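Read through the structure below, which is laid out as structure tokens, and then see the notes.
The numbers here are math on the coordinates, done by the rules we state, and not lab data. Since we're looking at a predicted model, the values are computed, not measured. All Cβ positions, glycine included, derive from the backbone under ideal geometry; neighbour counts span all protein chains shown.
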Amino acid sequence: MHINKTLINISIYLGLVCALQCKAFAQLNKNSQVVGYPAPPGLETSKDFSITVNNKSIWTETVGNGGMENLNVANFSAAGPQTITITAAAAIKKYEILPKSRNIIGHLNGRKLTFNISGPQKLYIEINSFPHLAIFSNPPEVQAPRQGDAGVVYYAASTSHSEREIDLQNDQTIYIEGGAVLNANIRGKNVHNIKIIGRGILNGNVRISGTSNLEVNGIFIRNTAGWCNTLTDCKNTVYKNVKVFSYKTVWGIDGIDPVSCKNFIIDDCFIRTRDDCVSIKSMRNRGNDTTESINTDSITVKNSVLMGWSHADGVTMGFELQGGLVQNVLVKNCDILSARGQGRTGGHSAFSIVCDGPSIVKNVRFEDIRVESAIEYKNLELIVTEGRRYGTAGPGIINGVYLKNIKWSNADKPFVIAGIPTNFVENVTFDHCYLGGKLLKNTNDADFQTEFTRNIKFITGKASAEK
């Protein structure tokens, strides 16, 4: 009886804390601006959830392949503190607000779940057995284009626009307004100074090559055929606040693939894909290209939420590392919610380097990454294959991988680090990395499956060594 009273008292206390927080946020968010968008024609309104943000109703849709393959989405823009209330179609018995690293406390009342956030961000919420819910709280747009502006192709709200293919031109802006849906594939080759921006929806994929100064910002891309975003031999590219969701087919629908790119940034993105979320690759020199053109250099993935849904890593380098240097890669401050599926190396991992080709991979850094428990096969994979699983060019090299402040939740899954007799995986450093809350001090602290490796070390003291 004493335990039951204690639990009741704790529940009352948490309810009071949440109520006080909600009241405080209500005062703060009086001045917060919330911009909702109209439902584009032809899209399906969610039957599972309705959403309000600071008491403003936000249109919520359902998109996907049916059942748990669907994704419910509330997409809006807002500045400042926000009180979000989700009303479900049935009483809420259980829920999770992800990423867990946000430490968001929910207040439950029957069919309603209420919580507060301090500003724009992307959340992934699991409630009962409903298809999951994505909350896309975008920052407000700054100096959005207007219809009639020079070089702007404007797709207006409350309309479903259909074009088979858009062929990009130099100095062009494709603007998809919030509340608009554009049904099209976007293509570009050897063009420069391109923007694909807005708060609207692109139903299709993006394939661009030989291009410099490309910005993709704010849009929601849904794709069912081919890699969602394929950027080949591009320089100075930014994907910012982009949401990507792929469904229906399983294979070959990666989220964002920089292939032999230089100076490529993926920042503040949400990706749920049935194949790899982010896949960094290098193409092969076929004779006409210079050696420099096939190198992959200075790729950054940061501040993003990644869910490998079916046969997918959160972030991978490979399989196709087919030539040249692959160097100066940084993955930082990301939450990896899941990684699933077997693939051609015995199972996907939270993040990986799979060198299935003759590329030389060096100076790769993973830092401040939280890996949640929904990891089906492996926590980490750093491998050199014989170089025959996707191509025929032979094996490559992995030399120099630095992992700092990584937190893996799933203590049952292995760390696979393996080369081949002629090509070792070398110089891998774990600097203050944790598995299930425990500091990794050596390879005995987890299921490390290593073969043909050299110089794997662990840093555990107060002062971190840097590369």
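Considering only DSSP beta bridges whose two residues both sit in the chain, what percent are antiparallel, to the nearest 5?
Here the share of antiparallel DSSP bridges comes out near 20 percent.
Once amide H atoms are placed 1.01 Å from N in the peptide plane, what residues at a sequence separation of 5 or more from LEU440, or on another chain, have their amide H within under 5 Å of its amide H?
Those qualifying (amide H under 5 Å, at least 5 residues apart or on another chain) are CYS433, TYR434, LEU435.
Taking square-rooted eigenvalues a ≥ b ≥ c of the alpha carbon gyration tensor, is the range 243-286 rounded, prolate or oblate, where a/c under 1.5 means rounded and, failing that, a/b exceeding b/c means prolate?
Taking the square roots of the gyration eigenvalues as a ≥ b ≥ c, the range 243-286 is oblate.
For the range 89-240, state the semi-axes of the equivalent ellipsoid (square roots of 5 times the eigenvalues of the alpha-carbon gyration tensor), sorted largest first and rounded to whole angstrom.
35, 16, 16
When all C-alpha to C-alpha distances in the range 163-287 are sorted into bins of 10 Å, what percent of pairs does each bin hold, rounded to whole numbers?
14, 49, 33, 4, 0
Quote the relative contact order of the range 111-172 in percent (integer), defining contacts as alpha-carbon pairs under 8 Å separated by 6+ residues.
20
Karplus couplings for the range 194-199 from phi (6.51 cos²θ - 1.76 cosθ + 1.60, θ = phi - 60°), rounded to Hz, Gly and Pro as x?
Per-residue couplings from phi come out as 10, 10, 10, 9, x, 10 Hz.
Among GLY323, ILE92, GLY200, whose Cα lies farthest out toward the positive end of the dipole of the chain, if unit charges sit on the beta carbon of Lys, Arg (+1) and Asp, Glu (-1)?
ILE92
For the range 172-199 and the range 258-273, compute the distance between their C-alpha centroids and round to whole Å.
Answer, in whole Å: 16.
Just order 446-459, 213-226 by mean Cβ neighbour count inside 10 Å, highest at the front, would you?
Taking the mean over residues of other Cβ atoms within 10 Å, the ranking is 213-226, 446-459.
In a solvent-free Debye calculation with one equal scatterer on each Cα, what is log10 I(q)/I(0) for the range 344-467 at q = 0.12, 0.14, 0.22 Å⁻¹, listed in the order of the q values?
-0.42, -0.57, -1.33
For labels at LYS47 and GLN169 in the simple 7 Å Cα→Cβ model, what's the distance in nm?
4.5
Cα centroid distance between the range 30-63 and the range 302-337, in Å?
31
Restricting to bridges with both residues inside the range 336-450, how much of the DSSP beta-bridge set is antiparallel, in percent to the nearest 5?
Roughly 10 percent of the DSSP beta bridges within the range 336-450 come out antiparallel.
Let me see the pair-distance distribution of the range 71-166: every alpha carbon pair, 5 Å bin width, integer percents in order.
2, 10, 18, 19, 14, 11, 9, 9, 5, 2, 0
For the range 128-168, what does the alpha-carbon gyration tensor say about shape, rounded, prolate or oblate, given a ≥ b ≥ c as the root eigenvalues, a/c under 1.5 as rounded, and a/b over b/c as prolate?
oblate
If you wrap a convex hull around the C-alpha atoms of the range 268-369 and split its volume per residue, what is the figure in Å³?
92
How large are Rg and Dmax for the chain when calculated on the C-alpha trace, in angstrom?
So, for the chain, Rg and Dmax equal 22.8, 80 Å respectively.
Quick query: amide H of ILE353 versus all other amide H atoms, modeled in the peptide plane; which residues come in under 5 Å with a sequence gap of 5 or more or a different chain?
Result for ILE353 returns MET317, GLU381, LEU382, ILE383.
In debye, nearest 20: dipole of the chain around its Cα centre with unit charges on the Cβ of K, R (+) and D, E (-)?
1040
Give me the dipole magnitude in Debye, nearest 20, for the range 120-192 about the Cα centre, with unit charges on the beta carbon: positive for Lys and Arg, negative for Asp and Glu.
I would put it at about 100 debye.
Determine the relative contact order of the range 350-456: mean sequence separation of Cα pairs under 8 Å and six or more apart, normalised by residue count, in whole percent.
Averaging sequence separation for qualifying contacts and normalising by length gives 28 percent for the range 350-456.
Give the long-range amide H neighbours of ILE219: residues separated by 5 or more places, or on another chain, with amide H under 5 Å away, using H modelled in the peptide plane at 1.01 Å from N.
Those qualifying (amide H under 5 Å, at least 5 residues apart or on another chain) are GLY198, LYS243.
Quick check: the distance between the Cα centres of the range 75-126 and the range 393-467, to the nearest angstrom?
Taking the Cα centre of the range 393-467 as reference, the centre of the range 75-126 is 35 Å away.
What is the chain's relative contact order, in percent, from Cα pairs under 8 angstrom and six or more apart in sequence?
7
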